Amino acid sequence: MESTSTQPGDIVRESYSARSQEYTDLLGSMTSTHPSDRALVSSWAAALTGPVLDAGCGPGQWTDFLAECGPAASGIDLVPEFVGRARMQYPNRSFDVGSFEALDAAPESLGGVLAWYSLIHHRPQDIQTPLAEFARVIRPGGGLLVGFFEGATAGTFDHAVTTAYRWPMAELSRELVTAGFEVIETHTRTGSGYRPHGAITARR
Ligand SMILES: C[S@@+](CC[C@H](N)C(=O)[O-])C[C@H]1O[C@@H](n2cnc3c(N)ncnc32)[C@H](O)[C@@H]1O
């Protein structure tokens, strides 16, 4: 009998679909990003060889930024509304509806994957599935850059869109290593008015 149970990805898709306009207005442009993040993504992207995938691209602002930094860049996202907006806003970039759980890319075909705050809704017990997919499609020596909510302890919090998970740096780093990556750099940023930020660059 066909299963009709709701999967975590369905909840993420429906939650962002319902608030895609609000998200885009608030966070869907590079002016809402931190200068240190732009510097990190730009230097990471400039060192890549081969195309880069913006995995969980949302409204597409980082995909466009990546392409400006040098590599051929494309974006995928679960949410059709985001992909529609991204195509309209950045008509000379490539965007598709897709899922990390089954990327439409050949093994070792990419120079890198950017997962900027796009793994934040994965339950810790599910995180190896997208990481293994990233490891499959990134060429040996290629790069992965993950941005996420950092925390001293692992746990969930009430993200404005749907349940999200914060990760201690060491724990997420270990998950990357388990998936076949070498951690190259870790970054944290804390301050008043926002949740602690973490970023990890890793090599396949
Ligand atoms: C917090 S938003 C970040 C969007 C964008 N990277 C940014 O920085 O504005 C998380 C994004 O990840 C996407 N996402 C979450 N899980 C996904 C999955 N399994 N496959 C594809 N996209 C996913 C969501 O649809 C959403 O657009």
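Observations
- All positions within the range 136-150 that are within 11 Å of the ligand (Cβ to nearest atom) and open to solvent by 10 Å² or more (accessible area, probe 1.4 Å): 149
- Checklist (1) open to solvent by less than 40 Å² (accessible area, probe 1.4 Å); (2) modelled with pLDDT of 95 or more applied to residue 97, failing item: (1)
- Hits in the range 86-140 - residues which are hydrophobic (A, V, I, L, M, F, W, C) and at positive phi: none
- Residue within the range 112-135 that is more than 20 Å from residue 164 (Cα to Cα), touching a Ser or Thr at 6+ places or on another chain (Cβ under 8 Å) and either more than 9 Å from the ligand (Cβ to nearest atom) or open to solvent by 40 Å² or more (accessible area, probe 1.4 Å) (or both) present: no
- When residue 62 is tested against the conditions (1) within 8 Å of the ligand (Cβ to nearest atom); (2) surrounded by fewer than 21 Cβ atoms within 10 Å (Cβ to Cβ), the lone failure is (2).
The values are calculated or read from the model by the stated rules, or taken from the named source; none is laboratory data. Just so we're clear, the structure is a prediction, and the values are computed from it rather than from any experiment. Cβ sites come from the backbone with ideal geometry, for glycine too, and all protein chains shown count toward neighbours. Note: accessible area is taken over every heavy atom of the protein model, side chains too, but ligands, DNA and RNA are not part of it. Shrake-Rupley method; radii C 1.70, N 1.55, O 1.52, S 1.80 Å.
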